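No lab work stands behind these numbers, since they all come straight from the coordinates. Just so it is clear, the structure is predicted and the values come from calculations on it, not from any experiment. Neighbour counts are summed over all protein chains in view; Cβ atoms, including those assigned to glycine, are modelled from backbone coordinates with ideal geometry.
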Amino acid sequence: MQTSFRVTFLQVPTNTEPGHQLEEPNPKRVKTTLTSCSPASNVSAKITDQNQTSLLCSMPLDIIFLICSFLPAKTLIELPKINRLFRATLLSTTGASVWITLRNSFRAPAPMPGMSELEWARLLWGGTHCQVCGTKGVNRVDFILRKRICYACVKKKGIPRVAFKRRYPDADRVVLDLVLPTSGGNRGARNGYYHCEEIEKVIQEIALCKRRKAKENYNQKRKQFLKECSEHASRCEEWVAEDRSRKAEEADNVRESRIRAIYDRLRNMGYTEDDMQEVKWLQCVQRSTPLSEKSWDMISPDVFAVIRGYRTSRMLRDNDGILATRRKTFDKVFLDYKNKLQPKQWRTLPSIETMYLFQTVNEILVCPDSKTISEEKLSTTLETIQDEVDCWIRTLKRILAEDIAEAIDMYMCSSRRAEAPPPRTTSLDLAMTVIQCVQCYHYSSTLEAAVRHLHTSSCCEGDLLRVSQLFRYSQVPTARLLVVKSGLDPQIATPDDMDEIGAFYQCLDCEHHDDSFVATWRDHIRSHTRWYNVPQFRLLAEQESPKDERACWACGHCNAHINGLVTRADVLEHVKVTHHVSKTHVPQDFFYAGQ
């Protein structure tokens with residue numbers, strides 16, 4: 001028979017050495033009841049008695065009323081619902097001073113005729129629910145009806161004057177003179193809505209008056225009552241307008257105080273007045289609540305993001321000042337950093353304007369003016385920037401690959417499948433692949449060229465964080481046709497293959513200045529991207545081709561052209577003379593480094 005774990009655990013130890021004594025188990029605690037006479041139970045009972053809310057109600061009324069004066073209006077209104085003692089105290093005759101004090105603190109008028117102070121307080125500050133249908137957000141109080149009611153319920157529970165005889169055919173029309181109309185929310189409407197409960201109440205009262213004199217007395221008293229109600233409602237509407245203005249003024253004061261507190265924090269960090277003006281109209285800054293440490297922690301990322309964007313724009317635009325000095329310092333450090341790389345490495349780097357936007361670099365360049373930025377700090381930052389750049393480029397490639405996959409799906413569903421083979425998922429590095437800049441609609445033949453173009457003077461200022469809104473894949477039939485005209489397979493030909501040919505092409509469908517348009521394959525792609533019909537081209541022989549004057553080439557062996565690109569003829573001469581290469585290839589010996 002197997003012994004359970006519990007039995008094994010409870011077995012008596014087998015140690016029988018001399019002098020060894022078995023330890024007795026701890027005695028169980030004796031249960032006690034609330035009726036126990038032990039001192040501990042008496043103390044507990046006393047503490048329980050002291051914690052009872054009845055002690056608060058047994059305090060002098062002036063102390064209770066003083067405590068209530070510190071409560072918000074909604075809390076004070078809910079207080080009678082807690083227990084009977086609070087209700088009896090606050091609804092007593094002496095408790096009326098609490099509600100009068102509350103009303104005076106808001107400078108509110110006296111209650112409407114027939115309403116108590118508590119009912120009046122609940123009407124004004126008891127919430128924003130419609131008292132008829134329960135709809136939230138009803139900020140309007142109808143002082144004629146003495147209800148917080150929405151316009152829909154006013155129309156539903158009332159009738160216009162023209163519908164009176166249809167609703168009450170046996171009633172005298174004088175009844176409407178004994179009921180005050182109220183607005184139904186229709187601007188410009190001449191007549192309001194008469195509440196059906198008031199109409200039926202007046203009809204019943206008139207029916208009880210058997211004699212003519214009694215009816216006249218009732219009509220006279222009713223009209224006097226309506227006059228008092230109308231005058232009181234007018235005073236209440238004036239108070240509502242004044243209270244709304246007072247609250248708006250208080251909100252403006254709190255908002256200005258919040259803005260000043262934010263400005264003080266930014267000023268202490270070293271930011272300028274121009275920097276602070278950029279964040280003034282942020283929604284998180286314009287709130288009408290005091291600034292606390294918690295709220296500052298919540299809004300500071302948005303505030304700093306706006307300031308960084310503004311200071312980045314200034315850095316790109318200004319020619320003097322601290323930000324311009326930092327930019328020029330970074331340009332020098334970045335050039336030194338590129339000189340340490342191989343040509344095939346710096347070829348893939350983004351433009352200098354894009355480098356400004358990477359978070360690691362941007363946080364240093366646009367930090368407060370009071371901080372000093374050294375070349376050593378920038379150099380240290382650039383040593384680790386390559387991982388961030390590589391991650392950014394991988395993200396761009398992933399997004400473009402998704403665009404290509406979507407283009408394949410659209411192609412497979414198209415009825416024009418026979419015109420051209422579909423793009424392949426590996427076509428991002430092919431010569432027939434065209435990348436379009438979303439910011440300026442510039443077309444680039446490769447992703448590397450598009451990255452070098454981004455945020456330059458020919459592009460637009462942008463945000464590096466919007467990775468999904470930088471480039472898109474574009475199908476340009478002209479690109480494929482030019483590859484075919486060059487004698488290459490469009491399914492495997494790369495931009496480097498086209499650059500190695502270095503040919504010029506003549507467009508046979510368009511004319512420029514009375515002469516056929518002759519350009520390189522990249523220029524033809526940019527010129528014919530929006531053509532609905534694919535033009536025809538002719539590959540020009542070397543003796544027919546014009547001289548390539550574009551300064552967009554660099555050596556693939558050294559960094560001689562890292563600071564200034566040269567023409568194709570110059571780079572070929574450099575490779576031949578300096579590196580003793582007579583038969584050159586792209587990209588091993590030279591490569592395209594333009595946009």
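Summary of values
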read-out	value
Size of charge dipole - the stretch 547-595 - debye, nearest 20, with Cβ of Lys, Arg +1 and Asp, Glu -1, no other charges	80 debye
Exposure proxy ranking, count of Cβ atoms within 10 Å, fewest first, for Cys284, Cys150	Cys284, Cys150
Cα gyration tensor, the stretch 132-235 - rounded (a/c under 1.5), prolate or oblate	prolate
Full-extension gain in nm, Cys391 to Cys558, via 0.36 nm per residue minus C-alpha separation	57.5 nm
Efficiency of FRET from Cβ geometry, Thr456 and Ile373, R₀ 25 Å, rounded to 0.05	0.60
Neighbour-limited loop hits for trypsin sites (Lys or Arg not before Pro), the stretch 253-297 (at most 13 other Cβ within 10 Å; DSSP other than H, G, I, E, B)	Lys280
Rounded to the nearest 20 debye, dipole of the stretch 498-595 from Cβ charges on Lys, Arg, Asp, Glu	320 debye
Stretch gain in nm, segment Glu237-Ile100, where the contour uses 0.36 nm per residue and the Cα spacing is subtracted	47.4 nm
Residues Trp521, Trp281 arranged by fewest to most Cβ contacts within 10 Å	Trp281, Trp521
Estimated FRET transfer efficiency when R0 is 45 angstrom, pair Ala251-Asp523 (beta carbons, to 0.05)	0.15
Whichever lysines have a C-alpha closer than 20 Å to that of Lys147, once near sequence neighbours (fewer than 8 apart) are set aside	Lys74, Lys136, Lys155, Lys156, Lys157, Lys201, Lys227
Cα point-scatterer Debye curve for the stretch 52-127, base-10 log of I(q)/I(0) at q = 0.16, 0.22 Å⁻¹	-0.54, -1.01
Neighbour-count ranking [beta-carbon atoms within 10 angstrom, fewest first] of Glu549, Glu78	Glu549, Glu78
In range of the label at Lys485: residues from the stretch 532-553 whose backbone nitrogen is under 15 Å from the point 7 Å along Cα→Cβ	533-542, 544-546
Over the stretch 547-595 - Rg/Rh using Cα atoms and the Kirkwood inverse-distance radius	0.92
Cα-projected label distance for Lys332 with Arg287, points at 7 Å along beta-carbon direction, nm	4.5 nm
Spacing of the two label points (7 Å from each Cα toward its C-beta) at Arg398 and Thr567, in nm	4.5 nm
FRET efficiency estimate (nearest 0.05) - Cβ-Cβ, Glu78 to Gln359, R0 51 angstrom	0.55
